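A short worksheet on the structure shown next.
The values are calculated or read from the model by the stated rules, or taken from the named source; none is laboratory data. Just so it is clear, the structure is predicted and the values come from calculations on it, not from any experiment. Cβ atoms come from the backbone with ideal geometry, glycine included; neighbour counts cover every protein chain shown.
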Amino acid sequence: MTASDVHHAIDAVWRLESARIIAGLMRIVRDVGVAEELAQDALVVALEKWPESGVPANPGAWLMATAKNRAIDRVRRDIRLESRQEQLGHELRTEQDSAEDEVDAALDDEVGDDLLRLMFISCHPVLSTEARVALTLRLLGGLTTDEIARAFLVPEPTVAQRIVRAKRTLAKKQVPFEVPPADERAARLSSVLEVLYLVFNEGYSATAGDDWMRPALCREALRLGRILAELAPDEPEVHGLVALMEIQSSRAAARTGPDGEPIPLLEQNRGRWDRLLIRRGFAALLRAERIGAPLGPYVVQGAIAACHAQAGSAEETDWARIATLYGALARLTPSPVVELNRGVALGMAFGPARGLEHVDRLAGEPALARYHLLPSVRADLLARLGRATEARSEYERAASLTRNARERTLLLERAAACAP
């Protein structure tokens, strides 16, 4: 195996195992920054030794053992420093033995709970949304700061600062490494789901840049969502979000043309949708509904995605049901964006005039003032009504507002196609 092959193997192992290692170490050192530092130390040792010795048969266990030894050394050193001030040698030995037992128990025990704790601490509401996203992708996704920066089109130093500040904030606030108590769990779980939802959406429809999609972000959010679903099997909203991501991911191959140009939902070749992912999405949705709790916003969005997946074409889609589901979603999470999507569904179910009437009520919403999809949706409805000149103006306005180059090109092409 060449040195390049070894480095590729190390990178793959790190992506798979880093979250498990950091989660195990967190239970011992109680500091997310220190835990990541110890895990990174183990990675450095692998980069030094594996090119000569070869990749171990169980590389994840090798990294874990190396990190464990460094954690033990760290615990010993810290206890000695504290004990010089507070305790005698006998007490030191007792505490040291206890600490080493804790290290052994934490790293040899089942890691599921530790991964769940790491998710909750990475997505703690004490952090800003941007910090939660960056820290989650770093600790649970194993992404580098450069990869995160490129994914969200921000400077790498900005991402690095967010991560450093997030770690400092968690340490300063002494956020415990634990699954939150029952009275806090709903709010904290909501924060975790929000982060996964944001990461997935940015991958599904990139806010800015030259690419319509960033598939790596979709894959990472879906991977973490699947893990969370196994760690929190009785939470319907987790399964609802997984259902949504599975079904949305199924369209990936049909969403772009040969040159990467966007293909809107209504024009996609549904034969290219991934039926395995759709089946997995249906299974997740069924799992959410069987729990029996009142439907939450992610379950409702999963149900909307399922309506699209069940239809063989745009014309066969049950748009009336989708409009009803958007109405339910609007009651759960009132939002002008939800109402805009509801307007699209109403236009498909009951005609473009009905849709335009609903959408025009949103014209004064401050949240939509610079939102390019408002004029884009109006343009589509106006075009269907034969009001080509107005449609063209709206497509051009939408193009001026979007920051995604691929989407801008599509909107300008549609504007040009609107004959007076």
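Brief remarks follow.
- Filtered residues of segment 196-222 (kept if in contact (Cβ under 8 Å) with a residue 60 or more places away in the chain and either basic (Lys, Arg) or within 22 Å of residue 272 (Cβ to Cβ) (or both)): 205, 206, 211, 212, 214, 216, 217
- Looking across segment 1-40, the residues that are of a type in the set (Gly, Ala, Ser) and surrounded by 22 or more Cβ atoms within 10 Å (Cβ to Cβ) come down to 18, 19, 23, 24, 35, 39.
- The residue that is surrounded by the most Cβ atoms within 10 Å (Cβ to Cβ), counting only those in segment 170-225 that are small (Gly, Ala, Ser) and under 15 Å from residue 241 (Cβ atoms), is 221.
- Looking at segment 281-398, the helices (runs of 4 or more DSSP H) lying wholly inside it that each contain 1 or more residues that are within 20 Å of residue 241 (Cβ to Cβ) sit at 297-310, 319-332, 336-350.
- Residue match in segment 287-300 (condition: closer than 28 Å to residue 346 by Cβ, modelled with pLDDT of 95 or more and over 21 Å from the mean Cα position of the chain (by Cα)): no
- Screening residue 303 on (1) surrounded by fewer than 21 Cβ atoms within 10 Å (Cβ to Cβ); (2) among the hydrophobic types (A, V, I, L, M, F, W, C); (3) touching a helix residue (DSSP H, G or I) at 6+ places or on another chain (Cβ under 6 Å) shows it passes everything except condition (1).
- Among the residues making up segment 144-177, those that are under 17 Å from the mean Cα position of the chain (by Cα) and of a type in the set (Gly, Ala, Ser) are 149, 151.
- Residue count, segment 340-398 (criterion: in contact with a Pro (Cβ under 9 Å, 6 or more places away or on another chain), closer than 19 Å to residue 327 by Cα and among the acidic types (Asp, Glu)): 1
- Residues that are among the hydroxyl-bearing types (Ser, Thr, Tyr) and modelled with pLDDT under 60 number at least 2 in the following helices (runs of 4 or more DSSP H) confined to segment 44-155: 89-108.
- For residue 174: the one exception among (1) part of a loop (DSSP other than H, G, I, E, B); (2) touching a residue at least 40 places away in the same chain (Cβ under 8 Å): (2)
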